[in-house]
Amino acid sequence: MPSLLPPLIFLLPIIDGVVVLDPFRGRQTIASLSRTSSSRLATLLPKREPTVLVSSEVADGFTRVAGRGAKLRSRIQRVKEARRSKVRNNNSLFETQKSLLRGYGPFFDLVPGKYVVNLFGVLFLAQQLFLASFWLLALFLTKLYYELIRVASINGALFDPNQVDRNFRMPDVITTHWAYFTLLASGCYPTYEGLENAPNDPALYVCNHASWMDMPIVGVMFKEIGHMHAGGHPGKATPFCSHELFKVIAKEELLKAPVLGIAIGMGEHVTLNRSDRRSQVKAFIAAKRWLDSGTNMITFPEGTRSEDGRMRSFRGGAFKIAISSKKKVVPVSLVSTHHLMPRCTLFPTVRGVSLSEDQEPRLNAPPLRVILHPPIDVEGKTEEEVAKEAFAAIASGLPDAQKPLNSTTVLVPKPSE
């Protein structure tokens, strides 16, 4: 290519202002021409802008690269803006959640901008380190018992291991006792109302979700129901009474939780990955199997905890389980649990004792209440109709601060909508 430079120089006056460039070393060619004959070129070239001739393949390549670069810059800009918006939203939610803790004593940042803790939370943690040790020991002994039963059945024992603990009830009983003593020792034991509405047949219990404490509170609810059906009095449950069978539909991430994940796995509770369609189908089949076998199911149709305690739209799928199994749906309202343990805390921040209506909740959260509403018959109804009735029933038992906004829909809109 360098050998073509002299011919190009002598052709410049003839082609009348058209400069032919080497597409592979264009810049070097221009630089060489400028250094060797800058004065002669200045006199020969016209006074107008030169036209650059390149091959169509090179021009297309430049166009594609420029287009990809523009798309990449636009994508990077959108990602940065989304991150900034997420940070602003998280900071706003964090401040909103921290506002729920006013009057509950001084607190400090456990994880800056994400989690806080106060003195009550530290005491609760110490209490849990004590109770969880017995919880974990009991689960370990149960696992050992299951293994011994399995080995004995392989060696030709005279009993069927599936009949020893067919519904994996032992881990649930142990976990319910842990929940009972946790609520009792921390002063977070709620008032259970409407227990007479619990049907004798297995049903799907749907609850609003605003706190980590919802799980133990709902678990103890079935112990209260079992005690009432056994002839006891509501609100007077003892730690060693008969239990109603129940399983929870929980997100898959809870399997990684300390001790609780072990209990969920051993109890064969239903777990699902909300982003995986196959996992959702497996969860639907497992939940239907438990209902058909006579076991109550618990689900939180909102899918995740509320940021400010307000009830949110339901996710589709939960009510299809009850419709497919032809079981009733029991709406349950959980009142003030978001004050007990909002999303910005890892531990409870206050005792949930009862207050009079004219008393300000300074050092105590508003009264913790669990309200069971009359069951909903699903016979001949669609998922939307059942969801609408359950949504209205749960909202009716919540205070104004937890009621859904007027713009909240019953079901989360589908992407196609």
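Below, the figures for the structure above:
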{"item": "Residues (over 21 Å from M213 (Cβ atoms), open to solvent by less than 60 Å² (accessible area, probe 1.4 Å) and either touching a Cys at 6+ places or on another chain (Cβ under 8 Å) or in contact (Cβ under 8 Å) with a residue 40 or more places away in the chain (or both)) located in segment 251-276", "result": "M266"}
{"item": "For C344: the one exception among (1) in contact with a strand residue (DSSP E or B) (Cβ under 7 Å, 6 or more places away or on another chain); (2) open to solvent by 10 Å² or more (accessible area, probe 1.4 Å); (3) modelled with pLDDT under 80", "result": "(2)"}
{"item": "Spans of strands (runs of 3 or more DSSP E) in segment 35-140 with at least 2 residues modelled with pLDDT of 60 or more and either in contact with a strand residue (DSSP E or B) (Cβ under 9 Å, 6 or more places away or on another chain) or surrounded by 11 or more Cβ atoms within 10 Å (Cβ to Cβ) (or both)", "result": "107-111, 115-118"}
{"item": "Which listed residue, of E253, E302, is part of a loop (DSSP other than H, G, I, E, B) and acidic (D, E)", "result": "E302"}
{"item": "Subset of segment 280-301 that is among the basic types (K, R) and more than 15 Å from A250 (Cβ to Cβ) - its residue that is surrounded by the fewest Cβ atoms within 10 Å (Cβ to Cβ)", "result": "R289"}
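The values are calculated or read from the model by the stated rules, or taken from the named source; none is laboratory data. Quick caveat: nothing in here was measured; it's all calculated off a predicted structure. Here the Cβ is made from the backbone with ideal geometry for all residues, glycine too, and neighbour counts use every protein chain on show. Just the protein is used for accessible areas: all its heavy atoms, side chains included, with ligands, DNA and RNA removed. Shrake-Rupley method; radii C 1.70, N 1.55, O 1.52, S 1.80 Å.
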